[in-house]
Amino acid sequence: MPELPEVETVARGMARVLEGRIITHVAVNRPDLRRPIPADLAKRLVGATVTSVGRRAKYALIHTNRADVVILHLGMSGRVRLDPGLPEKHDHVEIKTNDGHSLVFNDPRRFGSIDITQAARLDQHPLLAKVGPEPLGNGFHAGVLQIAFEGKRAPLKAALLDQTVVAGLGNIYVCEALFQSGLSPLRLAGSVKPAKLEALVQAIRAVLTRAIEVGGSTLRDYTQVDGELGYFQHEWSVYGREGEPCRLCSAVVLRIVQSGRSSFYCKKCQK
């Protein structure tokens, strides 16, 4: 599933096409994806001007001058196609603008979602109401993690995947940040000292920033809006590298399963 860097990349690509433009046409080709698509989506969007496109956690947000916000979740296989030309089988929603551009949401497995809400109620939307601070924002720091982890006996990896603790992190970038900070995914969250929490915060920021710079990671379906792949997968230190040598010490990268998800780490470098 696309994580923060992939969604940020898609949001930035959408912003270049949508911001300042008037939506002239919306086609909804099926009534639902993972959840029902609002029946009034087209009515609320046609004629509206897009004022900004952003991101919260793993959701892309399209704001309009009607004080509405579209909440887009890519799910497992969703992608946004810019000026796609010929339609494809799983094109579910299309948005056209007054300058002739078209954005299509394509989702073969239909685990994504599209919703619309009033901007004033965005923070109370069920998808966002309990989401933690943005890891690249000023509200995320070692003190936040110290409070969230106090007394927790959950593994550090699981604690960081909790979206109420920090927004947008997923399996890939948690594995990479833990490696960069020298922390084991098996370590109990409540046992991490303040200095190490500060190192972890800096590692999370660095990994996410670099991933955004190169367009995220492409595993299967994810692409940028122009069809370009992400390239961060070529820079992974541990994720997906089971049995390969650690880039720092040459020990073998290990893979374990935690809560049904694969964790990759170096037992020698991460404690």
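Every number in this text was worked out from the coordinates using simple rules, so none of it is lab data. Predicted model only: the values in this text are computed from it and were never measured. Positions of Cβ are backbone-derived with ideal geometry, glycine not excepted, and every protein chain shown enters the neighbour counts.
Across region 142-265, how large is the tail of the calculated P(r) beyond 18 Å, expressed as a percent of all Cα pairs?
The answer is 53 percent, as a whole percent.
Among residues other than residue 172 with Cβ under 10 Å from its Cβ, the summed charge is -3 (Lys and Arg +1, Asp and Glu -1).
Which entries in 58/267; 130/271; 157/267; 193/271 show an alpha-carbon gap greater than 24 Å? All intermediate terms of the calculation are to be shown ahead of the outcome.
Working: 58/267 30 Å; 130/271 31 Å; 157/267 14 Å; 193/271 12 Å.
Flagged as over cut-off: 58/267; 130/271.
Taking the average, over residues, of other Cβ atoms within 10 Å as the packing measure, peptides 182-190, 239-247 rank 182-190, 239-247 from highest down. For the peptides 226-232, 151-157, residues were scored by their other Cβ atoms within 10 Å and the scores averaged per peptide; the highest-first order is 151-157, 226-232.
Using every pair of separate Cα atoms, the Kirkwood estimate puts the hydrodynamic radius of the chain at 19.5 angstrom. Taking Lys and Arg as +1 and Asp and Glu as -1, the other residues whose beta-carbon sits under 10 Å from that of residue 70 total -1.
For the peptides 27-40, 167-180, 134-147, 61-74, the ranking by packing is 167-180, 61-74, 134-147, 27-40, with the highest mean count of neighbouring Cβ atoms within 10 Å listed first.
Using the Cβ of residue 52 as centre and a radius below 15 Å, the other residues enclosed give a net charge of +3, where K and R count +1 and D and E count -1. Helix 4-18 and the long axis of the chain differ in direction by around 20°, with both axes built from C-alpha atoms.
With respect to the chain, whose longest principal axis is taken over its alpha-carbon atoms, helix 171-181 is tilted by about 40°.
Calculated translational diffusion coefficient of region 4-124 (10 °C, 1.306 mPa s; Stokes-Einstein with Kirkwood radius over alpha-carbon pairs) equals 113 µm²/s. In summary, the aspartates and glutamates within cross-link reach of residue 43, defined as a Cα separation below 16 angstrom excluding same-chain residues under 8 places away, comprise 68, 94, 115.
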